[in-house]
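Below is one structure, written out as structure tokens; comments come after it.
Laboratory data are not the source of any read-out in this text; all were calculated from the coordinates shown. Values in this document were obtained by computation on a predicted structure and should not be read as measured data. Glycine also receives a Cβ, built like all others from the backbone with ideal geometry; neighbour counts cover every protein chain displayed.
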Amino acid sequence: DSGVTQTPKHLITATGQRVTLRCSPRSGDLSVYWYQQSLDQGLQFLIQYYNGEERAKGNILERFSAQQFPDLHSELNLSSLELGDSALYFCASSVGGTGGTDTQYFGPGTRLTVL
Amino acid sequence: KNEVEQSPQNLTAQEGEFITINCSYSVGISALHWLQQHPGGGIVSLFMLSSGKKKHGRLIATINIQEKHSSLHITASHPRDSAVYICAVSLFIGTDKLIFGTGTRLQVFP
């Protein structure tokens, strides 16, 4: 158990809908990262928050947004869902803001299926 | 060409064999990570390296910064080592973004 929790574990929804994925980092970790893993693209970095502020941005679509709250949990919002958004979404956390040289601890993931 | 390349893509082994998975990258990095993803989907961070060699149990990771190459070795492999092993790098320019390889699927048979 990494100490990172994600809810829900599975989500099935229809095209055009909006969903929210939630992540609670390990106790004491200030950074939260979101990743998408699809069959054709592999793992891709979406976005990082550090202590409530956006720190780094990757290949995140405009239809997607995220935030980190004062209690450090984070939410990833996906809207106007398309079939291609079906994927595993992972959250990870690390102690500091330099995730490149910090160990990242991954949550169990949320499997999103868009029908 | 991907910035992070792994080989082989698939690997099968008999229990007890010594296994090597390779990772090459084409960019300047501040660190390289080895991750393990089990069939259930969960991801575990195995190593984070910026130079030299690290060992944890039967796992050994090495990196050669000049050659932009890293290897993950598994000694005395066991069926429970069956998983996908993913190499990821964080860029030298200091961003926290990780760039991932496509992974190596390892199956160890008894």
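Tabulated data
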{"quantity": "Cross-link pairs A:57/B:54; A:9/A:57; A:9/B:53 - those with Cα-Cα distance over 26 Å", "calculated": "A:57/B:54; A:9/B:53"}
{"quantity": "Note, ³J(HN,Hα) from phi for segment A:33-43, Karplus 6.51, -1.76, 1.60, rounded to Hz, x at Gly and Pro", "calculated": "10, 10, 10, 10, 10, 10, 4, 8, 10, x, 7"}
{"quantity": "DSSP-loop chymotrypsin sites (Phe, Trp or Tyr not before Pro) across segment B:1-63, with at most 12 other Cβ within 10 angstrom", "calculated": "B:18"}
{"quantity": "Label-point gap, in nm, between residue A:77 and residue A:54 - each point 7 angstrom along Cα→Cβ", "calculated": "1.3"}
{"quantity": "Separation in nanometres of the label points that stand 7 Å from Cα toward Cβ, at residue A:61 and residue B:80", "calculated": "4.0"}
{"quantity": "For A:4, B:27, B:4, B:84, order by how many other beta-carbon atoms lie within 10 Å, fewest first", "calculated": "B:27, B:84, A:4, B:4"}
{"quantity": "Cleavage-rule hits, trypsin sites (Lys or Arg not before Pro), segment B:22-110, DSSP coil, Cβ neighbours within 10 Å at most 14", "calculated": "B:58"}
{"quantity": "Estimated FRET transfer efficiency when R0 is 35 angstrom, pair residue B:64-residue A:41 (beta carbons, to 0.05)", "calculated": "0.80"}
{"quantity": "Whole-angstrom gap from segment A:1-22 to segment B:39-102, using each part's C-alpha centre", "calculated": "27"}
